[in-house]
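Read through the structure below, which is laid out as structure tokens, and then see the notes.
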Amino acid sequence: MARALRIADETINSLQIEVKELKPKAIICDTISASNDSITIGQLAKILCKMGYPTGEKRLFDDFRKSGYLIKRKGKNYNLPTQKAIDMGVFEIVETPFPKNDGNIGIRTTTYVTGKGQVFFCDKISKWKENQKEKML
């Protein structure tokens, strides 16, 4: 009985240490997901690269197209988010007017990753890294 209590006490202590380590990360994730600031896919690629996911902007665009988050059909909607990604809230589209050479105004559309999307994709990469570690063992 004493041994079981000692094991339970050790488990509780290790879990309390883990909670202390994860609490700041949880606060950061909550802040990012609640943020109104979105980032470009290139900026997300740099963040994911720092997390240990070997990617760059072009490769990440390709990964998103293969995974069905971005439209892969060539044309006007190329690299815009799919309806699935918009419904998930991981991407948003920003339209910016720009002057054309003929004097008209054109519209440039850019895909941005929302705060929720940043957390979502960072979480996916964390899970990917765990799978990589398991394969190595």
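The values are calculated or read from the model by the stated rules, or taken from the named source; none is laboratory data. None of these values were measured; they are calculated from a predicted model. Note: ideal-geometry Cβ built from the backbone for every residue, glycine included; neighbour counts use all protein chains shown. Quick note on the areas: whole protein, heavy atoms, side chains included, nothing else; ligands and nucleic acids left out. Shrake-Rupley method; radii C 1.70, N 1.55, O 1.52, S 1.80 Å.
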When every residue in the range 22-40 that is farther than 23 Å from E130 by Cα and at pLDDT 60 or above is compared, the one most open to solvent (accessible area, probe 1.4 Å) is N36
Counting only residues that are in contact with a helix residue (DSSP H, G or I) (Cβ under 9 Å, 6 or more places away or on another chain), of a type outside the set (S, T, Y) and either assigned to a helix (DSSP H, G or I) or surrounded by 17 or more Cβ atoms within 10 Å (Cβ to Cβ) (or both), the range 60-71 contains a total of 5
Next on the checklist: Can you find a residue that is in a loop (DSSP other than H, G, I, E, B), at positive phi and modelled with pLDDT of 90 or more anywhere in the range 47-59?
Outcome noted: no
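Determine whether the range 100-113 contains at least one residue that is under 15 Å from L48 (Cβ atoms), touching a residue at least 12 places away in the same chain (Cβ under 8 Å) and either surrounded by 14 or more Cβ atoms within 10 Å (Cβ to Cβ) or among the basic types (K, R) (or both).
Yes: one or more hits.
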Of (1) open to solvent by less than 80 Å² (accessible area, probe 1.4 Å); (2) touching a residue at least 60 places away in the same chain (Cβ under 8 Å); (3) aromatic (F, W, Y), F120 fails just (2)
Output for Cβ contacts, cut-off 8 Å, separation at least six or different chains, first residue part of a strand (DSSP E or B) in the range 72-99, second surrounded by fewer than 10 Cβ atoms within 10 Å (Cβ to Cβ) and hydrophobic (A, V, I, L, M, F, W, C), reads E95/I107; T96/I107; P97/I105; P97/I107; F98/I105; F98/I107; P99/I105
Taking the range 78-99 and the residues there that are in contact with a helix residue (DSSP H, G or I) (Cβ under 9 Å, 6 or more places away or on another chain) and under 14 Å from Q118 (Cα atoms), the one that is surrounded by the fewest Cβ atoms within 10 Å (Cβ to Cβ) would be G89
